[in-house]
Every structure is written in C-alpha cells, then in structure tokens.
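Here is the structure we will look at.
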Amino acid sequence: MGKTTGLQKGDKKLINAWAFYDWANSVYSLVISTAVFPIYYAGVTKGFESYVEIDKTIEFLGMAINPTSLYNYTVAFFMAIVAIMSPILSGVADYTGNKLKFLKFFCLLGSLSIIGLFFFKDEASLWIGLTLTITSGIGFWGSIVFYNAYLPEVAHPEQQDAVSAKGFIMGYIGSILLLIVCLAMIMGYETFGFESEGQATRISFIIVGIWWLGFAQVTYAKLPKNENSKTPEKGYLTSGFKELGKVWNELKNYAELRTFLIAFFFFSVGVQTIIYMAGIFGSDELNLPTTNLIGAILLVQFVAIFGAYIFSKISKKYGNLTALKITIITWGLVCFVAFSLDKSQENIDIYFYSLGGLIGLVLGAIQSLSRSTYSKLLPETEDTATYFSFYDVTEKVAIVLGMFGFGLLNGITGSMQWSVLFLAIFFLISFIVLSFIKKTKYVQ
C-alpha cells in the first residue's frame with residue numbers, strides 16, 4: 001500500500017475532490033470542442049489571404065482545401081489516436097500504481113495546449129491551431145482514462161452511480177458558467193478593453209486553460225498517490241487490447257448486446273459529429289454572428305437538462321427502446337431541417353435557435369439512455385469496466401468515421417448541408433437495427 005492522503009474510500013471530501021475534476025475539465029468539451037473555438041476557427045480561416053470565396057478553400061501544405069474539411073480531418077485524426085491509445089492507457093491504469101502522475105501529465109498537456117491557442121490568429125499560425133487542437137484533444141481524453149480509473153478507489157460500488165452523476169453535474173455547471181463569462185467577454189469586448197471579438201476570444205482560451213489546470217489542483221490534493229499499486233506484468237501495455245478482443249469474441253453469445261452496439265455505433269456517428277460541427281455550421285453555412293451561435297449552444301445545454309428528465313419518464317413508462325427510437329427519429333429530423341435551411345431566409349437565427357432547442361431536447365436523453373440501455377444488456381460479469389471500455393472505443397471510432405465523412409463530403413460538394421443530410425442515413429440505419437433487438441426483462 002503506497003502513500004495516501006489519509007482519506008478513506010467513500011469519504012465525502014475524497015468524493016467531492018474526485019468529482020471536482022469534472023468541474024475543471026468539462027470546459028474543454030463545451031468551450032473548446034463545441035462552442036467558442038470551432039466558431040473562431042471558421043471566422044479566422046475566412047479571413048485568410050488564400051481563401052477563395054467561390055469554392056470556399058484555403059491553401060494548406062500546397063493544396064487547396066476546404067478549411068471546415070481540414071478541421072474535420074484534424075478531429076478525426078486525434079480521435080483515431082485516442083481510440084488506439086485508450087486500451088493502452090487502460091492497461092497502464094490497471095497495472096501502474098501511481099495513476100496520479102499520468103492524470104497530471106495529460107491534464108498539463110491539454111490545458112497548456114488550450115492556452116497556446118491564443119497564438120492562432122492568422123494564416124501563418126494555422127499550423128499552431130491545428131497542432132494544438134490535436135494535443136489538447138489527446139490531453140483531455142487521456143486524462144479522462146485515469147480520472148475514470150480512480151472511481152473504484154474513491155467510492156464503494158453502491159456509491160458509484162451517484163458519484164459519477166455528481167461529477168457530470170459539476171462539470172455541466174462549471175462549463176456553462178465559464179461559457180457565459182466567455183460570451184460576455186466576446187459580446188462586450190470593448191467594455192473589457194479588448195480591440196476586437198477575436199482578441200477577446202483568444203483571451204478566453206487562456207482562461208479555459210488556466211481554469212482546467214487550476215481547479216485540477218483541488219483533485220490532485222486529495223486523490224490517493226499509490227492506491228492499489230501493482231507490479232507491472234509482462235505485456236501489460238497490450239492488456240487493454242486483449243481485454244477488448246475478449247469482449248469482441250464474447251459478443252457472439254449475446255445477440256441483443258451485439259445488436260445494440262451496432263445501433264449505438266451508427267447513431268453515435270451522427271450525434272457526435274453534429275455536436276462537433278453545430279457551431280461551424282451556423283457560422284460558415286448560415287453566416288450567423290458569433291454571439292448568436294454561442295447563445296444557441298447555451299440554449300442547447302439548458303434544454304438538455306429538461307430533455308434528459310422528460311425522456312427518463314418516457315423510458316420508465318414505455319421502455320428504453322421506445323424512448324431511444326423517439327430520440328433517433330428526432331435527430332434524423334434535425335438533419336432534414338438543417339439541410340432545408342437557407343441563409344437568405346428572413347430570421348434565419350430564429351430557425352437556428354429552434355433547431356438548437358430540438359437538439360437540446362434529445363442531446364442529454366440519447367447519451368443517458370444509450371449508456372443505461374447498454375448497462376442493462378450486459379451479461380453477468382465482473383469485467384464491466386472492460387465492456388464499457390469497448391463501448392467508449394466504439395464511440396470514438398464512430399466519431400472518426402463521422403468527422404471524416406462529413407469533411408470529405410463537404411470538400412466535394414462545397415456545402416455542409418449535404419454532409420448533414422448524409423448523417424441522417426446513419427440515424428435511419430440505427431433505427432432499423434434497434435428494431436431487431438428483442439425485449440428483455442430490463443430493456444423494453
């Protein structure tokens with residue numbers, strides 16, 4: 001037994017400190033992945049000297065490429081790295097005593113990368129923006145592996161659902177608060193003494209990085225240093241892949257679980273790509289102002305709370321599968337509405353806000369329902385962590401496919417609306433696959 005902080009498993013102070021890392025790092029998910037940075041990126045690249053309005057391309061590495069497609073490929077690239085790294089890091093988390101060092105490393109990588117985005121402001125610094133997009137993503141997802149691995153060490157099994165939810169709630173509240181601060185800075189940039197919206201936005205990147213790294217210190221101070229340390233076994237770096245392979249082979253014995261994972265993969269392609277691309281779609285395709293876009297994303301977050309609650313009631317009354325099918329139909333409707341939007345329409349911002357409200361209604365719902373449905377379909381096993389690792393890797397591979405496909409079609413057609421319509425196909429497939437799942441005792 002290594003050194004600890006003196007707090008026992010289940011201690012309220014230890015649990016609060018663990019959950020506080022969600023407060024610290026969730027600003028990456030909302031501000032950098034979804035709201036401010038994608039919109040800023042779209043605006044900056046439009047101002048490049050090499051930007052050609054007719055075909056919406058810029059020059060990069062001697063090639064003419066759509067900047068939105070370039071962003072898609074960048075996210076797909078780092079998500080592919082994360083999908084490959086996750087099983088390796090899971091093995092490290094299982095067999096290395098001091099997970100805290102790895103948590104600190106990835107947190108530092110991610111937060112400093114976000115701070116570095118301050119220096120992305122023009123065509124000459126595009127490589128900085130793309131490189132730091134990759135490293136910040138790796139830092140975030142890498143730290144999550146070790147953060148999650150601490151859950152069994154800070155909470156007893158009967159506490160873990162509530163503790164995990166507590167972290168989610170803290171992350172949600174923290175990220176919304178900081179997004180509101182960033183929105184106020186960007187909207188009132190002159191009041192805050194900034195030269196432009198762009199400068200205020202770049203300052204917000206610094207604030208996000210400091211927020212993440214600063215509040216993470218609360219977590220570091222309480223987490224055990226060497227709890228449950230093990231001597232590394234031979235091949236422990238590949239143990240994660242072996243465990244995933246084991247799940248893959250076992251799936252043939254669990255038809256309903258296998259079918260659900262297929263459906264989950266297809267609707268994740270659509271859901272996760274829309275989450276990443278909503279801001280850029282509004283900025284680049286509909287020419288909406290930054291403040292309107294961030295406001296719409298805030299609306300999505302607030303509506304998501306009520307949506308998750310409403311669909312939990314629907315699920316309780318009509319069953320998980322019915323509730324999931326309703327969310328999938330709604331996501332498909334989102335795709336068709338987005339495809340039909342015309343930036344020349346009067347009050348296009350009102351339509352975009354309405355679309356945001358529709359997304360919010362099913363955003364939290366589909367994420368919570370999919371995880372709970374998967375959990376209910378799991379066989380009687382002690383390897384639930386490995387099964388959920390397979391679930392997470394499935395989602396990351398779906399993001400790679402979705403972002404790459406979205407970027408490729410956008411590059412070919414010059415319009416994101418065709419890419420959005422393309423995503424509707426995945427929702428249709430997932431709905432059909434989900435219809436083949438037989439009802440069980442817990443999944444109706």
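The values are calculated or read from the model by the stated rules, or taken from the named source; none is laboratory data. Computed from a prediction, not measured in an experiment: that's the story for all the values here. Here the Cβ positions follow ideal geometry from the backbone for every residue, glycine too, while neighbour counts run over all protein chains shown. Just so you know, the surface numbers come from the protein's heavy atoms only, side chains and all, with ligands and any DNA or RNA stripped out. Shrake-Rupley method; radii C 1.70, N 1.55, O 1.52, S 1.80 Å.
The set of residues from the range 165-201 being over 20 Å from the mean Cα position of the chain (by Cα) and open to solvent by less than 30 Å² (accessible area, probe 1.4 Å) comprises LEU183, MET185, ILE186, GLY188, GLY198, ALA200, THR201. Within the range 354-382, the set of residues being open to solvent by 50 Å² or more (accessible area, probe 1.4 Å), free of Cβ contacts under 8 Å to residues at least 60 places away in the same chain, more than 22 Å from GLY171 (Cβ to Cβ) and not polar (S, T, N, Q) comprises GLU380, GLU382. Does the range 186-196 contain at least one residue that is closer than 29 Å to TYR41 by Cα and part of a helix (DSSP H, G or I)? There is at least one residue in the range 186-196 that is closer than 29 Å to TYR41 by Cα and part of a helix (DSSP H, G or I).
In the range 249-289, what residues are touching a Cys at 6+ places or on another chain (Cβ under 9 Å), surrounded by fewer than 24 Cβ atoms within 10 Å (Cβ to Cβ) and not aliphatic (A, V, I, L, M)?
Taking the range 249-289 and keeping what is touching a Cys at 6+ places or on another chain (Cβ under 9 Å), we get 270, 274.
Filter again for surrounded by fewer than 24 Cβ atoms within 10 Å (Cβ to Cβ), leaving 274.
Scanning the range 249-289 gives no hits.
Could you tell me whether any residue of the range 383-404 is open to solvent by 60 Å² or more (accessible area, probe 1.4 Å), modelled with pLDDT of 80 or more, farther than 14 Å from GLN272 by Cα and part of a helix (DSSP H, G or I)? No, there is no match, as no residue in the range 383-404 is open to solvent by 60 Å² or more (accessible area, probe 1.4 Å), modelled with pLDDT of 80 or more, farther than 14 Å from GLN272 by Cα and part of a helix (DSSP H, G or I).
Among GLY364, GLY357, which is assigned to a helix (DSSP H, G or I), of a type in the set (Gly, Ala, Ser) and modelled with pLDDT of 85 or more?
Step by step, each of GLY364, GLY357 is checked, and only GLY357 is assigned to a helix (DSSP H, G or I), of a type in the set (Gly, Ala, Ser) and modelled with pLDDT of 85 or more.
Against the numbered list (1) touching a residue at least 24 places away in the same chain (Cβ under 8 Å); (2) touching a Phe, Trp or Tyr at 6+ places or on another chain (Cβ under 9 Å), MET185 comes up short only at (1). Of the candidates ASP342, ASP349, the single residue that is in a helix (DSSP H, G or I) and of a type in the set (Asp, Glu) is ASP349.
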